[in-house]
Every structure is written in C-alpha cells, then in structure tokens.
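The values are calculated or read from the model by the stated rules, or taken from the named source; none is laboratory data. The shown structure was predicted, so the numbers you read here are calculated from the model rather than taken from an experiment. Cβ placement follows ideal geometry from the backbone for every residue including glycine, while neighbour counts extend to all protein chains displayed.
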Amino acid sequence: MTVSSEATAWPETYYAGAYWGPRKESPEECARRAADFLNLLSPYDPLLTTWYKPTRSLKDVRKHPLMPPDVATLAELFRRGVNREKGGPVFEDLGFRFLSGNGGLGTDSVHLNTVCGGYSGVNTNLCLMSFPSKGAPRERLLSVPVLSGVLRSMALAFDPDWAVAGSDEYRKLMNADSTAGAFVGWVTYQSRRRGTVPPLPAPVRIEPVEDKGALIILAPERISARNPEHVEQGHRIGALLAKAGLMRPVMP
C-alpha cells in the first residue's frame, strides 16, 4: 500500500545538493560557476528566478538583488566567506562560502549554501539548496521536472562528482552513516568520472546530462521515507549501482 509523505502532521524536508572533491579555484572562478548556475535555474520555476545577497535583516533583503548575476559581485561574496581564525590567518584551502536566498518568506523561501574552491581534502565542496516545508510552491518544486532541472543546472555549472535530490528522512534510511556519494535519492546525478551508469529496472529512468554524466530518476511520483516500497526500491537500486562501482563517497 502506498503511504503519502503528507499523511502525517509534519511533512518531510526536501533538498538538492551537489558535491565534489578537492578542486583549487579562486573566488572569481567560483563566482563564474555560481553565475552560470543561477542563470541555468531560471527556467524551472518562478521561485528560482530571483536571488539576493545575505543581509542582517529580512526586511532589507530585497534591496540587494543578485540577478542578473554579476561575477565581480559574486566573487567578493565568496571572498568574504573564506575561513579564517579570529585575528589570524585565512585558510583558503578550506574553500570559499557563499550564502543566498530567493527573498521569499515562509512557504516561498528557498536557500542556497555553496562552498567552492576547497582543496584541503578534509571537507567536500558543495552546492546545497533547501526547499519550503509546506505550501503550494513546495508542491511545484517537489516534482521530477524541477528537481531534475536543479540537478542538471548544478552538474553543468559546478561539474560535481555526485548530486542528489530527496528528503532528509529518506537519506537517513538509505545509509545514515554514509558520506556524500554513497546513497540513492529521488533524483541522483553521477559524473562520468565515477563510471558508467548500468541499465536499471523500470520505473527507474536514466537521462544524460550533456557530456558530464547522467541523472537517475527513481520514480515519477514523489519518493518518501514513509513509503516502505520507496525505501526498498532505493536500497535495491543502490545495490545495483554499488555493484557497478558507483556508490563511492566523494571524500574517501
């Protein structure tokens, strides 16, 4: 029996994230990738067309737009997000962080957290997007066309090793102790660097992402941690991908 994730009092929280290993890049290089990403997102949903600089007050956020994205502005934001000791040195090998939001409040709120240019080998580089927890915008965003578009945009802009879209609860059931790259989500991206995605049983669908890699779409309906069939399917497909050598963590 199919159990809807919305059948309980609290909805599952969904996200999309791309992850890649050590890659030394300057704030300007990170900014060019971020600008490409923001531009690529625009066609997939109205909530993904406007982005703003982080501010101390939510009432001021719309005074600081980032669209259309300017590389020099984004580079300065990345530069400000460098790791440093208070009154001490800068740790550029840990990368540069950039935070942004779409200016929405409550059910319209989407947030971005990007770490780029890290090469310490300690932490992953990433681009993480969180989605609203309720409301009509959430229903639009949590669909295969939008989530596939978000991961496709991440893949083309940041060239990650691996990316995933799904719920936090589902991730924990897939492999609670795994690091990025070692589990299957509702939509999963695998870079060609990690190997070739093998044929997978229906209803799983595989879509190429230009010459970068492939998207693996587990099912056309929303995947939920509260549906035992979805959990079983995720483990089954994960085992097939592991057999093909594709379930390696991004960071060993």
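Taken over the stretch 195-214, the residue count meeting the criterion of being surrounded by 19 or more Cβ atoms within 10 Å (Cβ to Cβ) and of a type outside the set (Gly, Ala, Ser) is 2.
Of the residues making up the stretch 170-188, at least one is touching a residue at least 12 places away in the same chain (Cβ under 8 Å), assigned to a strand (DSSP E or B) and buried (at least 19 other Cβ atoms within 10 Å of the Cβ).
Selection of the stretch 93-127 for residues being at pLDDT below 85 and in a strand (DSSP E or B) yields an empty set. Restricting the first member to the stretch 130-153 and to residues that are touching a residue at least 12 places away in the same chain (Cβ under 8 Å) and closer than 14 Å to VAL110 by Cβ, and the second to residues that are outside any helix (DSSP H, G or I) and among the aromatic types (Phe, Trp, Tyr), the beta-carbon pairs closer than 6 Å and six or more apart or on different chains are SER130/TYR15; PHE131/TYR14; LEU141/PHE131; LEU142/TYR14. Would you call ALA155 hydrophobic (A, V, I, L, M, F, W, C), out of contact with any helix residue (DSSP H, G or I) (no Cβ under 6 Å at 6 or more places or on another chain) and farther than 28 Å from LEU47 by Cβ? The answer is no for ALA155. Restrict the check to the stretch 215-234 and report whether at least one residue is part of a helix (DSSP H, G or I), surrounded by 14 or more Cβ atoms within 10 Å (Cβ to Cβ), of a type in the set (D, E, K, R) and in contact (Cβ under 8 Å) with a residue 40 or more places away in the chain. No, there is no match, as no residue in the stretch 215-234 is part of a helix (DSSP H, G or I), surrounded by 14 or more Cβ atoms within 10 Å (Cβ to Cβ), of a type in the set (D, E, K, R) and in contact (Cβ under 8 Å) with a residue 40 or more places away in the chain.
Do the conditions hold for VAL250, that is, is it modelled with pLDDT of 95 or more, within 26 Å of CYS116 (Cβ to Cβ) and of a type in the set (Val, Ile, Thr)? Taking the combined requirement at face value, the residue does not satisfy it. Return yes or no: is GLY149 part of a helix (DSSP H, G or I), buried (at least 18 other Cβ atoms within 10 Å of the Cβ) and more than 17 Å from the chain's Cα centre (by Cα)? Criteria not met by GLY149.
Taken over the stretch 113-146, the residue count meeting the criterion of being surrounded by fewer than 19 Cβ atoms within 10 Å (Cβ to Cβ) and closer than 20 Å to PRO27 by Cα is 7.
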